[in-house]
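Chemist: The structure that follows is given in the form of structure tokens.
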Ligand SMILES: Cc1cc2nc3c(=O)[nH]c(=O)nc-3n(C[C@H](O)[C@H](O)[C@H](O)COP(=O)(O)OP(=O)(O)OC[C@H]3O[C@@H](n4cnc5c(N)ncnc54)[C@H](O)[C@@H]3O)c2cc1C
Ligand code: FES
Ligand code: FES
């Protein structure tokens, strides 16, 4: 058992005890390490000024061996355990600027400069991705997508996009060559092989190697909170100044990174991020992959777990309606063993789920929709990128006879219209009996209790829901 957090910071082996481990990474870099290149603006994961690049070698998936952009303002230092981190301060190689830095200067991509390190790091993440694929140019669309997690108040975005598309990647070598050497690789494998417990009077972070140890720890310390990647928990911590004092990290449990398809069923482990899930879904459930394009920005998708999005049980979370429509099942483990909770029985009331104290979600599973099925997910938010839904809607229809409008099975679920992600059981029953869209819309309205808040009024939510519902049937059965 280790008693520290171990990682590489700009190529140097680094250890953190409980005092440092309990800090947000951006604060740690600036105040404890004097690395002030990383800026803090929103402290909520929204603006990207704090973007750093992190490689976590043990996460399987597409970009696992890449340095990925993540937000330092909502990452606890404890979460760095087993990672290699690069900050903007180390980007320059000797006297030579990184190509992203050169391009930003050449295209006048900076004015006050507050956002600039974050843009440079997000662009460098894009460069790393491109180099891994052997590509030498970034096009405008890729640049815009890659920068959806970054905001600038001064220059306007055009010079920054110009910088991105002007980069000559033949001039770049991968950061892995400098910051993920064989020595590091071996050292991080060693870190990953042992549990760690980092604690003092006010903070405790336990990261076990097995799910059994995790369950035993929760039984001994019921006040412990499970930490996914903190993209929800750390925002609440920063905003409301709540303390994250006793945490269980699952990052050393290899089995939880698993994502696989078996006999038409997808098994999605609790540590799989949105970026990894999206990549896996592309060929299997393309509609879900497309929907995840407008989920947060790259930094959050690289960090946040899909299971965290379910467990947090937000009524406006984007994946819960999708999983409801797919008839997913949540698999949990506790001292009494394993049990399966159908997604339709998972959300009990506002932010309350069917997970019992001491239980951990190990994975979620769902069937891949068959050929006779139409599946659509819709998201309506005030801003296209990096925004939380006002309303979202997921519909799956399995046709008995599409021409005659006969439905074998249907599932309708939405967020933003009730205290929980809502499944429209009465509307579904009506549609199974008869294809009468006006009657179905009346039923739809009778099932919901939307509220007015800063995202949308209750009346607007009703209009959006009805329009998206009608749009679905117009698209699939014109
Ligand atoms: C800038 C920004 C943009 C965002 N955009 C979106 C968006 O577009 N759509 C959207 O839906 N959400 C969005 N989110 C919310 C957030 O990113 C997601 O909810 C994310 O998936 C949460 O995962 P996590 O691993 O970070 O969870 P954490 O914050 O670590 O945990 C969330 C909750 O889940 C619990 N939990 C985690 N893992 C387990 C487990 N294995 N077993 C039991 N409980 C567990 C934790 O205890 C906690 O209560 C955004 C957040 C930010 C900061
Ligand atoms: S400071 Fe804005 S995302 Fe971190
Ligand atoms: S240059 Fe000022 S915020 Fe971007």
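Chemist: Could you let me know the centre-to-centre spacing of the range 1-41 and the range 287-305, using Cα atoms, in angstrom?
Modeler: Centre-to-centre distance over Cα atoms comes out at 26 Å.
Chemist: Against the empirical 2.2 N^0.38 Å scaling, what ratio does the C-alpha Rg of the range 258-476 come to?
Modeler: Here the answer is 0.98, to two decimals.
Chemist: With a Förster radius of 51 Å, plug the Cβ-Cβ distance of residue 429 and residue 255 into 1/(1 + (r/R0)^6) and report the FRET value to the nearest 0.05.
Modeler: After rounding, the FRET efficiency stands at 0.85.
Chemist: Defining a contact as two alpha carbons under 8 Å apart and six or more residues distant in sequence, what relative contact order in percent does the range 276-394 show?
Modeler: Result for the range 276-394 is 29 percent.
Chemist: Also: Specify the inter-centroid distance of the range 175-229 and the range 241-276, based on alpha-carbon positions, in whole Å.
Modeler: Cα centres, the range 175-229 to the range 241-276: 13 Å.
Chemist: Taking Cα pairs under 8 Å and at least six residues apart, what relative contact order does the range 258-476 come out at, in percent?
Modeler: Relative contact order of the range 258-476: 18 percent.
Chemist: What whole-number distance in Å separates the alpha-carbon centres of the range 79-132 and the range 392-439?
Modeler: Answer, in whole Å: 47.
Chemist: For labels at residue 105 and residue 171 in the simple 7 Å Cα→Cβ model, what's the distance in nm?
Modeler: 1.0 nm
Chemist: How big is the shadow of the Cα convex hull of the chain, averaged over all directions, in nm²?
Modeler: Details: hull surface 91.9 nm².
With every direction weighted equally, the projected area is 23.0 nm².
Chemist: What's the extension gain from residue 403 to residue 284 if we count 0.36 nm per residue and subtract their Cα-Cα distance?
Modeler: 40.2 nm
Chemist: Let me ask you something else. Quick check: residue separation of residue 219 and residue 44 times 0.36 nm, minus the Cα distance between them. What number comes out in nm?
Modeler: Extra length available between residue 219 and residue 44 comes to 59.8 nm.
Chemist: What do you get for Rg/Rh over the range 3-153 if you use C-alpha atoms and the Kirkwood form of Rh?
Modeler: 0.95
Chemist: Given an 8 Å cut-off on Cα distances and at least 6 residues of separation, report the relative contact order of the chain as a percent.
Modeler: Averaging sequence separation for qualifying contacts and normalising by length gives 12 percent for the chain.
Chemist: Full-extension gain between residue 327 and residue 212, please, as 0.36 nm times their residue separation minus the C-alpha to C-alpha distance.
Modeler: 38.6 nm
Chemist: So what's the back-of-envelope 222 nm ellipticity for the chain, counting only DSSP H runs of four-plus at -39500 (n - 2.57) apiece and dividing by all residues, rounded to 500?
Modeler: -9000 deg cm²/dmol, from helical runs alone.
Every read-out reported here was derived from the displayed coordinates using simple, explicitly stated rules and does not represent laboratory data. Treat the numbers as computed from the prediction; the structure is a model and nothing was measured. Every residue, glycine among them, receives a Cβ derived from its backbone with ideal geometry; neighbour counts consider all protein chains shown.
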